[in-house]
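The block underneath contains the structure these notes are about, expressed in structure tokens.
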Amino acid sequence: MFLLLAALFIGLPVLEIWLLISVGGSIGLLPTLAVCVVTGVVGAWLAKAQGGSVLRRVQERVARGEVPASELVDGMMILVAGVLLMTPGFLTDGVGVLLLLPPVRMVVRRWGQGLLERQARASQSRAQSFYFYTQGFGEPPREPQRRPEPDRQNQPEVEFLPPERAPRPPRRPRPPVIDVD
């Protein structure tokens, strides 16, 4: 995990700077800066448009009483795509554009779901050998002590009254009337 984070926070900026220098050397400084600014503006606009459509789908599913799980994941990916498109660099722009395409989001969502399912199965098998409960680590939960059943034979007889014979609650007293002359 440390290596992945190191590659992400150190390797990605180095690669982006190398790409910017290479492209800037080929097409010039101003066109390179223009491409970075245009992709940022277009990326923000596309993320807003895609996010609005996903928000409408979320609202429709909630109105039907369904859980909008895939729409929420799509919304998260659109947010990440918008951030990537507004980040200067060609590699992040490419990944951001790919995440804005619905077929790519569907593939990423299925891959992520499969990854989460595999991790859940692996953690479930590990959890069988190690317990964490409120009583502490490593010990299974204690069985709750059961109360003995009450003795039904010594219960008093209960008479059920029909509603017309049931006692009524007392009425609230009327407040005193204050007469001011």
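The values are calculated or read from the model by the stated rules, or taken from the named source; none is laboratory data. Just so we're clear, the structure is a prediction, and the values are computed from it rather than from any experiment. Here the Cβ positions follow ideal geometry from the backbone for every residue, glycine too, while neighbour counts run over all protein chains shown.
Structure above, values below:
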read-out	value
Filter result (loosely packed, with under 11 Cβ neighbours inside 10 Å and either modelled with pLDDT under 90 or polar (S, T, N, Q) (or both)) within region 15-28	Ser26
Which listed residue is closer than 26 Å to Gln113 by Cβ, touching a residue at least 24 places away in the same chain (Cβ under 8 Å) and either out of contact with any Pro (no Cβ under 6 Å at 6 or more places or on another chain) or among the small types (Gly, Ala, Ser) (or both), from Gly75, Gly65, Gly52	Gly75
Residue count for region 54-71, restricted to those that are exposed (fewer than 14 other Cβ atoms within 10 Å of the Cβ) and either in a helix (DSSP H, G or I) or in contact with a strand residue (DSSP E or B) (Cβ under 8 Å, 6 or more places away or on another chain) (or both)	6
Hits in region 1-13 - residues which are closer than 12 Å to Thr92 by Cα and either at pLDDT 85 or above or of a type in the set (Phe, Trp, Tyr) (or both)	Leu12, Pro13
